[in-house]
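Here is the structure we will look at.
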Ligand SMILES: O=CCCC(=O)O
């Protein structure tokens, strides 16, 4: 294994204000530890291929210890008051915001996060609830920061909104009083924390997906073992450090880094009866595997899995608004989110005009890596991710689709030689026989299919086994509502490309999984309802 820079070198290379926030060890019971096996793996910057640092390859025996520690911590944590937990979360939120630039720099290094810099798109983005920049900082984009840092900041702010949101929800886990049919009886329900939770997180929004789970779990009184993706462990380990600084008791949040051993850890969480719940943001394939593996322990699962988001642009849509919405959804994180626009269904009469507006907008953006201060659209996470986009484009062309626009500058030169880049591309003439129709691309490919009627558009949109996000663009609100009601997904955006917010229930239907994250519903996933019947005669 090549040798990676030390954690001090890594922190120095990022210019962190507080290098002690950064760790390359796992966190168990408040202690920073290595894998019992001594194994480590290396993490690289996807925009340069540069080795960033290493981290422990935690294995089943480490997970066993972390679960034991979390269970012990649960004994006392479950008895803390709701108000005390709310205060802890508020402190954690404040610490995240205080350290947002350092956290952002780490996210950018490990994830290569891009930013659309076009002022118009930023305006759309800023005013969405997905990033609370407008109240956190009235002018984030005129700070002397590179665009990538701004994108990272947006994720930190989005991540912190889950902690802040659940600090409020912690105090609102109300039970019910139920009229009893037996006059001697009184029935009430109480809500109690479910127990030890395993939180399996993805690399695309490494800290936001962790806080969406951990915030709800802490609010409910649960303890957690968090498993960040192998590609992006450091921002979650930083979260672990901030959890300790916020005074949240040791063992409440444990963080295990892993790369190759991840499937073994997933199985361990499934089969271990001490783990009462698993929350996964990941692929449908992995979700199904966890369901099978946890059948014997009948584990409660929340599964936020793959999407294949349809966008319907009706003939009467405001084209500027539709183009911005599509691009906000399509290019956020380079197209690597589970709610990224995937099948763009456009009324035949406006397709050429829409492509022109979209091309104009993307054409003003710059593809590049972290070292390029002008870059708006960054790399994908890996060479496999680039191959998938390439393959979707080639497959669509061979099926008769046409590339109608592609990012004009060739992605050559030293800044692109080692990173995982793909030029943003628009294709039209996509149909159901093509791979891009059946699976999410997770990259900067806008795949357009034409339709002629509302009925046809809805039918096409519903041709998918998964159903997470969907988008509708039209000025006719009756048509928008009809469409939103008919689309088989867990979330629909009307005239917006951004669905995500801490206060909105996030989750899908069918093979996109089950359970809701965020919102007033998110905490329920971490609670059990107990009915108490009392004879008062
Ligand atoms: O990729 C999954 C989550 C995306 C989001 O929270 O907006």
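The values are calculated or read from the model by the stated rules, or taken from the named source; none is laboratory data. Since the structure is predicted, the reported quantities are computational estimates derived from the model, not experimental observations. Quick reminder, even Gly has a Cβ in these numbers, built from the backbone with ideal geometry, and neighbours come from all protein chains shown.
Quick look at the numbers
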| read-out | value |
| --- | --- |
| Selection count where residues are farther than 28 Å from residue 378 by Cβ and in contact with a strand residue (DSSP E or B) (Cβ under 8 Å, 6 or more places away or on another chain), scope region 336-355 | 4 |
| Residue check for residue 231: more than 17 Å from residue 89 (Cα to Cα) and assigned to a loop (DSSP other than H, G, I, E, B) | yes |
| Meets criteria (without any contact (Cβ under 8 Å) to a residue 24 or more places away in the chain and in contact with a helix residue (DSSP H, G or I) (Cβ under 6 Å, 6 or more places away or on another chain)) for residue 492 | yes |
| Hits in region 159-207 (condition: crowded, with 24+ Cβ neighbours inside 10 Å, out of contact with any strand residue (DSSP E or B) (no Cβ under 8 Å at 6 or more places or on another chain) and not in a loop (DSSP other than H, G, I, E, B)) | 159, 160, 161, 162, 163, 165, 166, 169, 170, 206, 207 |
| Yes/no for residue 60 being outside the structural domain of residue 386 (by TED's automatic domain parsing) and under 23 Å from the mean Cα position of the chain (by Cα) | no |
| Boolean, residue 319 is within 16 Å of the ligand (Cβ to nearest atom) and touching a strand residue (DSSP E or B) at 6+ places or on another chain (Cβ under 9 Å) | no |
| Residue match in region 329-348 (condition: closer than 24 Å to residue 470 by Cβ, more than 16 Å from the ligand (Cβ to nearest atom), part of a helix (DSSP H, G or I) and touching a residue at least 24 places away in the same chain (Cβ under 8 Å)) | yes |
| Extreme residue, surrounded by the fewest Cβ atoms within 10 Å (Cβ to Cβ), among residues of region 45-88 that are touching a strand residue (DSSP E or B) at 6+ places or on another chain (Cβ under 9 Å) and at pLDDT below 95 | 50 |
| Condition check for residue 362: assigned to a strand (DSSP E or B), away from the ligand (no atom under 16 Å from the Cβ), buried (at least 17 other Cβ atoms within 10 Å of the Cβ) and touching a residue at least 60 places away in the same chain (Cβ under 8 Å) | no |
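Here's the yes/no breakdown for (1) in a loop (DSSP other than H, G, I, E, B); (2) within 16 Å of the ligand (Cβ to nearest atom); (3) touching a residue at least 40 places away in the same chain (Cβ under 8 Å):
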| position | (1), (2), (3) |
| --- | --- |
| 210 | no, yes, yes |
| 213 | no, yes, yes |
| 217 | no, no, yes |
| 224 | no, no, yes |
| 238 | no, no, yes |
| 242 | no, no, yes |
| 259 | yes, no, yes |
| 273 | yes, no, no |
